[in-house]
Amino acid sequence: MATKHPRLLKWFASGNPFFVLLKLVPLILLFCWLLTKGENSHLKGAFLFILGLVTWSFFEYATHRWFYHIVFKNKKVMWFLEAFHLYHHHNLTDYRVLNAGLFLIYPLALFFWLVVFLITFDVQLASCFGLGTLGYYFFYENVHYFIHYKVFTSGYMKFIQKYHLYHHYRKWNKNFGNTVTIWDRLLGTYDGGYKEFELSEDMKKELIHG
Ligand SMILES: [Zn+2]
Ligand SMILES: [Zn+2]
């Protein structure tokens, strides 16, 4: 369990979105510097940026659905999952595992950058895409953190909090999206039951400021 692995927490998790941002700064600066290394049109750059946003939103859904909840035979993979996402499911009050750390952010962000670079052979376009993935990733980390922070009574945060906490408390095999519902709707894991779901007093106590 994560509580017994402080070193894992140090490298694979972040305490809150501010620490995520601090870890992202060198990557953001690198990608911004690489933006100056080309002469593509703004339109092309904007397209790659938006593609990066969409790609990360799907990646967020896909890893949650097809990786975090799968029971692997490999003990090391299971140990890792039980130290993070599955651990998060069983220990909602351990806020240390809500956000990802360096060893998750950097390999993934650089992997996505590299894939687009190998397709386009263009560091500028790959960096537009990279900034899109980082932008959506940071948005996701904020949403996930604040979903577990306090009860929201209106707007987007109320809707997405119900959507995500329904996944936690009611159906682990539905509503894998943490920020949008579109991938659940398209891929058959959407459950509208979250609309009637209300947080009990015990559930509220499991929020950071419950
Ligand atoms: Zn959660
Ligand atoms: Zn889950």
Look through the stretch 59-85, keep the residues that are surrounded by 18 or more Cβ atoms within 10 Å (Cβ to Cβ) and within 18 Å of Asn175 (Cα to Cα), and return whichever of them is nearest to ligand 2 (Cβ to nearest atom). His64
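Can you tell me which residue in the stretch 111-128 is nearest to ligand 1 (Cβ to nearest atom), limited to those that are in contact (Cβ under 8 Å) with a residue 40 or more places away in the chain and open to solvent by 10 Å² or more (accessible area, probe 1.4 Å)?
Phe112
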Do we have any residue at all in the stretch 199-210 that's within 15 Å of ligand 2 (Cβ to nearest atom) and open to solvent by less than 50 Å² (accessible area, probe 1.4 Å)? no
Which ones in the stretch 166-200 are over 17 Å from His85 (Cβ atoms), within 16 Å of ligand 1 (Cβ to nearest atom) and polar (S, T, N, Q)? Thr181
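Can we say His88 is within 16 Å of ligand 2 (Cβ to nearest atom), modelled with pLDDT of 90 or more and open to solvent by less than 70 Å² (accessible area, probe 1.4 Å)? Reasoning before the result, please.
Details: within 16 Å of ligand 2 (Cβ to nearest atom): yes; modelled with pLDDT of 90 or more: no; open to solvent by less than 70 Å² (accessible area, probe 1.4 Å): yes.
No; evaluated as a whole, the condition is false for this residue.
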Taking the condition of being over 18 Å from Trp11 (Cα atoms) and touching a Gly at 6+ places or on another chain (Cβ under 7 Å), how many residues in the stretch 96-124 meet it? 5
Give the residue that is farthest from ligand 2 (Cβ to nearest atom), with candidates limited to residues of the stretch 91-104 that are of a type in the set (A, V, I, L, M) and in contact with a strand residue (DSSP E or B) (Cβ under 9 Å, 6 or more places away or on another chain). Leu102
So for the stretch 167-181 (the condition being out of contact with any Pro (no Cβ under 6 Å at 6 or more places or on another chain), open to solvent by 60 Å² or more (accessible area, probe 1.4 Å) and in contact (Cβ under 8 Å) with a residue 40 or more places away in the chain), does at least one residue qualify? yes
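Consider His168 carefully, then state whether it is more than 30 Å from Leu30 (Cα to Cα) and either modelled with pLDDT under 95 or in a helix (DSSP H, G or I) (or both).
Yes: the conditions hold for His168.
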Boolean, Leu207 is free of Cβ contacts under 8 Å to residues at least 40 places away in the same chain and out of contact with any Gly (no Cβ under 9 Å at 6 or more places or on another chain): no
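Considering every residue within the stretch 139-153, establish whether at least one is away from ligand 2 (no atom under 16 Å from the Cβ), closer than 30 Å to Asn40 by Cβ and under 17 Å from the mean Cα position of the chain (by Cα). I'd like the intermediate steps shown before the answer.
Restricting attention to the stretch 139-153, the residues satisfying the condition of being away from ligand 2 (no atom under 16 Å from the Cβ) are 139, 142, 146, 149-153.
When the remaining residues are screened for being closer than 30 Å to Asn40 by Cβ, the result is 139, 142.
Restricting the remaining residues to those that are under 17 Å from the mean Cα position of the chain (by Cα) gives 139, 142.
The answer is yes, given that some residue of the stretch 139-153 is away from ligand 2 (no atom under 16 Å from the Cβ), closer than 30 Å to Asn40 by Cβ and under 17 Å from the mean Cα position of the chain (by Cα).
The values are calculated or read from the model by the stated rules, or taken from the named source; none is laboratory data. These numbers come from a predicted model, not from an experiment. Counting neighbours? That spans all protein chains shown, and the Cβs are built from the backbone with ideal geometry, glycine included. Calculation scope for accessible area: heavy atoms of the full protein, side chains included, ligands and nucleic acids excluded. Shrake-Rupley method; radii C 1.70, N 1.55, O 1.52, S 1.80 Å.
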